[in-house]
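Reading through the structure tokens given below for one structure.
The values are calculated or read from the model by the stated rules, or taken from the named source; none is laboratory data. Model, not experiment: these values are computed from the prediction. Positions of Cβ are generated from backbone atoms using ideal geometry, with glycine treated the same way; all protein chains shown enter the neighbour counts.
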Amino acid sequence: MKSKGIRSAFLLLLASSMMIAGCGGGNNNKNESKASDSPAASAGASAGASAAPAMDTTPITFSFFGADASPNWNNMQDEVGKEITKKTGVTINAEYDVGSGGGQSRIQLMAASGEVPDILFGKSEIKYLVDAGELLDLTDLIDKYAPHIKKIFGDNMNRLKYSNDDQAIYSIPTNIGVDGISFDATGGFEIQHRVLEELGYPEVKTVEDYEKVLKEYVAKHPTTDGQPTIPLTLNADDWKIMITVTNPAFITTGAPDDGEYYVDPTTYNAQLHYKRPEEKEYFRWLNKMFNEGLLDKDTFVQKDDQYKAKIASGRVLGLISQEWEYQEAENALKSAGKNEYTYAHFPVTLSSEYKDHELQSAGVDGAGISISKNCKDPVRAIQFLDWLASDEGQVLVNWGIEGKQYTVDADGKRTIPADVLNKKVNDNSSFAKETGIGLYTAFAPHYGDGVKDSTGNYYTTNFPEQIVASYSDAEKKSLAAYKATTWKDLFPSEKDFPAKEWGALYNMAVPTDGDYQVIYQKTQDIIRKRIPEAILSKQADFDKVYDSFIAELNKAGAEDMEAQYTEMVKKRVELFTGKTL
């Protein structure tokens with residue numbers, strides 16, 4: 001634990017340190033490791049659980065803060081929530097971050113004040129709580145009371161350690177599915193199905209292909225339902241600028257998602273990814289799109305709700321994003337029966353020489369759940385998390401309640417009835433609020449897609465047959481045209497890439513004192529200002545603006561910051577792999 005003497009410094013930092021070290025959960029929201037589909041993968045859970053003390057189930061309420069918004073949270077009055085309380089005695093009094101803040105300012109305030117809830121999902125911002133001494137080291141609690149958590153992570157427990165210098169476990173990864181594999185792709189470059197159908201399902205592999213499709217369609221249909229058709233819009237509101245504007249620069253140029261950095265896989269040297277010459281060419285392409293009227297002129301001034309409203313109107317032909325980022329708007333289209341206005345996914349690159357790394361695994365690593373030193377009963381808290389990590393808990397959280405959200409046939413196979421699946425797909429917000437499915441995964445570690453439990457069923461509902469069953473007719477028609485079963489079929493597989501030795505860098509602890517954070521904030525301010533400026537500049541001025549941007553980063557101390565980050569990456573590789581660098 002660190003000294004709390006730094007609290008006064010936090011108060012000074014609050015006004016200036018709204019920072020994010022990377023994109024939480026990466027470009028792809030399934031940042032998972034190897035696959036396992038053997039029923040034996042979960043055998044023995046009950047035997048392991050018997051070694052731990054029995055869980056107390058008397059009623060108890062834990063306060064909770066979640067760094068990600070949860071608009072469908074229903075105070076555990078949903079069906080899954082009620083069942084969790086029935087089984088564990090636990091009720092969660094939750095507060096979630098609002099808007100797109102990612103919990104940064106709220107968690108920094110907690111660190112400064114010492115007013116921290118019992119448990120929290122804090123992402124990379126937990127570094128402030130660690131330095132303030134506000135989080136419990138969970139190592140002994142896991143060892144004594146959490147057999148299911150130990151079983152899930154197995155030989156990867158060292159990846160839960162905070163750092164080489166502080167090998168405590170302050171957070172248990174919950175935003176990844178352990179041992180999982182993605183059966184579908186939900187990111188990339190998106191195009192409406194109606195566009196693809198009218199143009200005869202053209203090839204979409206490079207930015208040039210993508211641009212051609214949008215340009216051709218908008219020329220034929222300058223309006224949609226009486227409103228101007230928008231070929232492409234991006235969401236640059238606060239941190240979401242990373243998801244739709246800046247992260248695609250490395251995805252389209254053959255680099256994996258390591259937040260604001262590019263890490264050389266051989267030397268482990270890190271630099272701000274914007275310095276890669278090939279990324280400059282990606283931003284040059286966006287500049288061209290803007291100057292030709294294909295990129296929404298409001299991209300850098302619209303708010304998140306305005307962006308989603310445009311998508312929900314059906315007049316946006318293309319997106320460059322992740323499905324979770326615009327899903328609320330797409331759900332509105334589905335609810336209105338406008339499936340042809342929803343989106344297909346393509347692994348678009350700057351040119352054919354690059355390969356999309358979107359599905360590259362970071363291994364076992366991710367943001368997760370923490371228990372604070374203020375927790376009224378840490379043993380009950382860890383037992384609660386461990387119950388959720390059990391087979392019973394995972395099936396409940398992912399599938400719901402037997403006889404209501406799924407059935408089990410004579411052969412023991414779990415199936416989601418057609419009417420339930422229809423509501424889940426086409427009215428997801430209402431479905432989640434009523435059932436609670438999808439609202440509790442952040443509370444405990446869990447297996448990923450493709451892993452089967454001791455009954456031979458998948459832990460999650462994301463497996464090929466279920467995914468295909470959830471597709472609309474418009475999606476199935478587009479996929480058939482591209483000779484694919486799921487969108488993943490169009491993307492390079494995670495099998496094409498090794499799991500990253502340094503894990504998910506957005507989850508790496510970085511200094512909260514010294515000059516690193518000061519320089520980082522300066523560079524973020526520059527990036528948030530200069531990238532839009534470069535994209536919106538005249539084409540003849542692009543090189544001058546972009547080169548000035550890189551020079552400004554270096555003047556602000558980027559090279560020193562990169563050197564510090566490189567050393568942190570190397571230490572993390574040593575911690576995760578046992579290598580000596």
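Structure notes:
- Enumeration of residues in the stretch 515-555 that are outside any helix (DSSP H, G or I) and either buried (at least 19 other Cβ atoms within 10 Å of the Cβ) or under 29 Å from the mean Cα position of the chain (by Cα) (or both): 515
- Of the residues making up the stretch 495-506, none is free of Cβ contacts under 8 Å to residues at least 12 places away in the same chain, over 24 Å from the mean Cα position of the chain (by Cα), surrounded by fewer than 18 Cβ atoms within 10 Å (Cβ to Cβ) and not assigned by TED's automatic domain parsing to the domain that holds residue 122.
- Qualifying helices (runs of 4 or more DSSP H) (wholly inside the stretch 223-339; at least 2 residues being without any contact (Cβ under 8 Å) to a residue 12 or more places away in the chain and surrounded by fewer than 20 Cβ atoms within 10 Å (Cβ to Cβ)): 304-313
- Residues (under 24 Å from the mean Cα position of the chain (by Cα), on the phi < 0 side of the Ramachandran plot and free of Cβ contacts under 8 Å to residues at least 60 places away in the same chain) located in the stretch 116-154: 125
- Counting the residues of the stretch 396-431 that are assigned to a loop (DSSP other than H, G, I, E, B) and among the aliphatic types (A, V, I, L, M) gives 3.
- Selection of the stretch 367-414 for residues being over 22 Å from residue 142 (Cα atoms), within 27 Å of the chain's Cα centre (by Cα) and surrounded by fewer than 19 Cβ atoms within 10 Å (Cβ to Cβ) yields only 401.
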